[in-house]
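I have placed the structure first, in the form of structure tokens, so that the comments after it can refer back to it.
The values are calculated or read from the model by the stated rules, or taken from the named source; none is laboratory data. What you see is a predicted model, and the numbers here were worked out from it, not measured in a lab. Cβ atoms come from the backbone with ideal geometry, glycine included; neighbour counts cover every protein chain shown.
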């Protein structure tokens, strides 16, 4: 098993356990869960050299499908032949129909691994060996980021915001440190019962209090309630209790649909009065 295949081990096993790849494989699942990386790992496992592998990551247009067909019609350098990897997200109908013609009569010794966040044309779907890729756990996402050289604390924070999508975690990791610091500042203000400090946190000139801050605040509450600390620690809010944490989790649900800064500020201001734990 490749060290970089994390969270999709069962899917990778399905691709690796065979002596050869199916003619057409379709990896389908939410955007950003690592389907393209999984396809590339499968190509490496089955011994396809880079010069015999065509990889198209962006939206597929008819001209791209024609380029793929031209590549597939040439001979490979080994008996395995060639491998075409293509993402179908955003593919036009004409591109999918052009691809379908290729799949209906595939050139000899050519295999296809397709990825998609939504089902493609039914005629393509029906010709493929379909494997479903789900969301990863926060721990898996964190491990992927650490393997790519990111700091452990930043990786934990990005994983908490990513919703099981390594792609989203990679996009968020540059801004997570500031977001975590701002949430900790809010918790410290509440813990010291300082409404002035809390107001200053929400007036932060770095930008508005967003959905990411809300996710991190509920992450603190979940950790405080369970005493299973990962991203936060007891020292981040020494004056708050598990009852306060439960209040955050339950009360923010009542503000569903409200702007994050409005909902979270209302909850934190109530906590800062000290009346919740009384």
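Kindly indicate whether any position in the stretch 105-124 is touching a helix residue (DSSP H, G or I) at 6+ places or on another chain (Cβ under 9 Å) and closer than 30 Å to residue 231 by Cβ. Within the stretch 105-124, one or more residues are touching a helix residue (DSSP H, G or I) at 6+ places or on another chain (Cβ under 9 Å) and closer than 30 Å to residue 231 by Cβ. Could we say that residue 107 is in contact (Cβ under 8 Å) with a residue 12 or more places away in the chain and farther than 18 Å from residue 88 by Cβ here? When the stated conditions are applied, residue 107 passes them.
Given the criteria more than 15 Å from residue 268 (Cα to Cα) and crowded, with 17+ Cβ neighbours inside 10 Å, does residue 217 qualify?
Values: more than 15 Å from residue 268 (Cα to Cα): no; crowded, with 17+ Cβ neighbours inside 10 Å: yes.
For residue 217, the condition - more than 15 Å from residue 268 (Cα to Cα) and crowded, with 17+ Cβ neighbours inside 10 Å - is not met.
If you check residue 46 against the conditions, is it surrounded by 11 or more Cβ atoms within 10 Å (Cβ to Cβ), at pLDDT 90 or above and closer than 22 Å to residue 98 by Cα? Here the answer is no, as residue 46 does not meet what is asked.
In the stretch 223-245, which residue that is in a helix (DSSP H, G or I) and loosely packed, with under 15 Cβ neighbours inside 10 Å is farthest from the chain's Cα centre (by Cα)?
The residue in question is 243.
Tell me, which residue of the stretch 52-84 that is outside any strand (DSSP E or B) and within 26 Å of residue 167 (Cα to Cα) is modelled with the lowest pLDDT? Among them, the one singled out is 58.
When the stretch 82-100 is limited to residues that are surrounded by 18 or more Cβ atoms within 10 Å (Cβ to Cβ) and either in contact (Cβ under 8 Å) with a residue 40 or more places away in the chain or over 29 Å from the mean Cα position of the chain (by Cα) (or both), the one that is nearest to residue 35 (Cα to Cα) turns out to be 87.
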